[in-house]
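Have a look at the structure below before the remarks.
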Amino acid sequence: MNLKQFKTLGAAATVAALLGASSLSAQAQIVKIDGSSTVFPVTEAVAEDFQKAKKGAIKVTVGISGTGGGFKKFCRGETDFSNASRPILKAEMDECRKNGIEYIEMPVAYDALTVVVNPKNTFIKSMTVAELKKIWEPAAQGKVMNWNQVNPAWPNTPIKLFGAGSDSGTFDYFTEAITGKAKSSRGDYTASEDDNVLVQGVQRDVNALGYFGFAYYAENQGKLKSVPIVEKPGGKAVLPSMETVLDGSYQPLARPIFIYVNAKSFARPEVKEFAEFYNKHGEKLAREVKYVPLPPTAYTHNLEMLSKRTLGTKFGGENKVGLTIEQLMKMEAKL
């Protein structure tokens, strides 16, 4: 091999190395997010605005595999952020710990988990928590099949049920709030982690009843009817809305929703920038996609948590029904 050939090969190797480095650099500018379909509309709105602000230099991918599915990927180190419609659970904390994954937990909005019926349903004016429990508890499986079995004033027609899949944080929260125990539910219903599937199911069947996050109801108000909920016997029937979530009257189905950021990923500039952008613009974008934004102090609190790299969860691996954002901010995060 002569010197000229060597130099040519050397130059080619340098170009290849530079192209490789460039490719790695381009790859490093991807922020990966997965998890809850309920949190998806907020995170997707933030991702779109962030990518515009960065003029395409940073790409943000947002998947939907349910809160549980998202945490499986997150705890394997496959994603930078996890969308979650309930706090991280003890088994997920253990899995993250086993794999050396540390995280910062941030509430990003409030959701009014919404019970819906078909708009042609004329007999449901409101429902009590007790009636919902009678429909959804495990003992109802194969037994409570018609509306009049729940309330004798309702017709003797079949109930067609649509609800969150078992990997969904919405499933965990709804079951705990309604049946009294997370994941305690009848199994004979149409389940999906994709809320759009549930929307379509209720929309197509006059005897349908379903539940999912408020944003999916708000997007389909002409096709669905939301059900006012009576929390306690003799109580007032309350419709889900921004106002009833903020004033605390919509219970027990109002809940905070979260994003979790991988602490190691947070060392990358693009991940840090996205986390900060989320909290600086989250209030406006949560409102735009029909979620209830947190008070400005909560987003400031999140930014402080990021600045101090406050690791862990404030929930100790358990869900907490009926928690206010003020109570949440006072709690201490632990891994």
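The values are calculated or read from the model by the stated rules, or taken from the named source; none is laboratory data. Nothing here was measured: the structure is a model prediction, and the numbers come from that model. Virtual Cβ from ideal backbone geometry, glycine too; neighbours counted across all protein chains shown. Quick note on the areas: whole protein, heavy atoms, side chains included, nothing else; ligands and nucleic acids left out. Shrake-Rupley method; radii C 1.70, N 1.55, O 1.52, S 1.80 Å.
Brief remarks follow.
- Radius ratio Rg over Rh of the range 222-292, counting only Cα atoms, Kirkwood formula for Rh: 1.15
- Relative counts (whole %) of C-alpha pair distances in the range 176-309, using bins that are 10 Å wide: 10, 30, 33, 21, 6, 0
- Kyte-Doolittle mean at least 0.0 and Cα axial length at least 30 Å: DSSP H helices in the chain: 3-28
- In the chain, Cα pairs under 8 Å separated by at least six residues give a relative contact order of 25 percent.
- Residue among N83, P295, G322 farthest towards the positive dipole end of the chain, charges placed on Cβ: N83
- In the chain, helical runs assigned H by DSSP with n ≥ 4 each contribute -39500 (n - 2.57); averaged across all residues and rounded to the nearest 500, the mean residue ellipticity at 222 nm is -12500 deg cm²/dmol.
- Cα gyration tensor, the range 266-329 - rounded (a/c under 1.5), prolate or oblate: oblate
- Taken over the Cα atoms of the range 32-100, the convex hull encloses 74 Å³ per residue.
- Percentage relative contact order, the range 43-113, counting C-alpha pairs under 8 Å, at least six apart: 23
- 1.4 Å probe accessible area per residue over the range 175-259, in Å²: 42
- Under a model in which nothing but the beta-carbon of Lys, Arg (+1) and Asp, Glu (-1) is charged, the chain shows a dipole of about 400 debye around its Cα centre.
- Sulfur and carbon atoms: percent of accessible area, the chain [1.4 Å]: 55
- Rounded Å value of the spacing that divides the Cα centres of the range 76-148 and the range 259-335: 20
- Ratio Rg/Rh [Cα only; Rh per Kirkwood] for the chain: 1.08
- Close amide H pairs (under 5 Å, H built 1.01 Å from N) link V230 with M127, T128, V129, V238, residues at least 5 positions away or on another chain.
- Charge tally in the Cβ shell below 11 Å around F171, where Lys, Arg are +1 and Asp, Glu are -1, F171 excluded: -2
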